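Remarks on the structure that follows.
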Amino acid sequence: MTAFRHSLEVRWADCDANQHVRHSAYADFCTHARIEWLRAAGFGFEQFQRDAFGPVIFKESTEYFKELKMSERLTIAVQVAALSTDGSRFSIRHDIYKEDGRLAARHEVSGAWLDLRARKLTAPPERLLAIFADLERTADFSTIALKPATGDGA
């Protein structure tokens, strides 16, 4: 499994009136890290456009451990926390570390893939599933069970 880490610097725009990183900036940092992971693995924005699909996020959560301030350098570790066997559902964990190595926050997203033409959930292309299969997994990784189709359109 391949580990992916992305570093960045906290900017003025990432901070709030309390002079530390605003809550929503953590999600922005992690979205950027995920995009960089996919791009580095050879699956950039162009592939999403060409295949007319993209991620839809069902749930996001952040736990905060250490305060972050402007100009600090961060490293974000991206790991797969859960994945369905067909890759259609996923959960990705982002551990955000301060420059001294202390864990500052943990951000997790859970979602699926959306076919942008049919506007329905779909499994990803095989090459994207292979990228997910190669990413480092969390210690508590789990397989997401898919619900059987009911045939009633629900």
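The values are calculated or read from the model by the stated rules, or taken from the named source; none is laboratory data. What you are looking at is a predicted structure, and each value in this text was computed from that prediction instead of being measured. Every residue, glycine among them, receives a Cβ derived from its backbone with ideal geometry; neighbour counts consider all protein chains shown. When the accessible area is computed, the model is the full protein with side chains, heavy atoms only, and any ligands, DNA or RNA have been set aside. Shrake-Rupley method; radii C 1.70, N 1.55, O 1.52, S 1.80 Å.
Hey, does region 105-125 have a residue that's within 22 Å of Glu9 (Cβ to Cβ) and not small (Gly, Ala, Ser)? Spell out how you get there, then give the answer.
In the first step, residues of region 105-125 are kept if they are within 22 Å of Glu9 (Cβ to Cβ); the result is 105-107.
Subset that is not small (Gly, Ala, Ser): 106-107.
Checked region 105-125: at least one residue is within 22 Å of Glu9 (Cβ to Cβ) and not small (Gly, Ala, Ser).
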For this session: Please verify whether region 1-11 includes one or more residues that are out of contact with any Leu (no Cβ under 9 Å at 6 or more places or on another chain), open to solvent by 50 Å² or more (accessible area, probe 1.4 Å), assigned to a helix (DSSP H, G or I) and over 15 Å from Val80 (Cβ atoms).
Result: no
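Of these, Ala77, Ala130, which one is modelled with pLDDT of 95 or more, among the small types (Gly, Ala, Ser) and more than 30 Å from Asp16 (Cβ to Cβ)? Walk me through how you get there before you give the answer.
Details: Ala77 fails: more than 30 Å from Asp16 (Cβ to Cβ).
Selected residue: Ala130, the only one of Ala77, Ala130 that is modelled with pLDDT of 95 or more, among the small types (Gly, Ala, Ser) and more than 30 Å from Asp16 (Cβ to Cβ).
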Exercise. Based on what the data block shows, is Phe29 touching a strand residue (DSSP E or B) at 6+ places or on another chain (Cβ under 7 Å), outside any strand (DSSP E or B) and under 21 Å from Arg102 (Cα atoms)?
Worked result: yes
Exercise. Taking region 12-42 as the search range and keeping residues that are of a type in the set (A, V, I, L, M) and closer than 18 Å to Glu136 by Cα, which one is most open to solvent (accessible area, probe 1.4 Å)?
Worked result: Ile35
Problem set entry | Filtered residue count, region 59-83, keeping only those that are of a type in the set (A, V, I, L, M, F, W, C), closer than 20 Å to His32 by Cβ and out of contact with any Leu (no Cβ under 8 Å at 6 or more places or on another chain) | 3
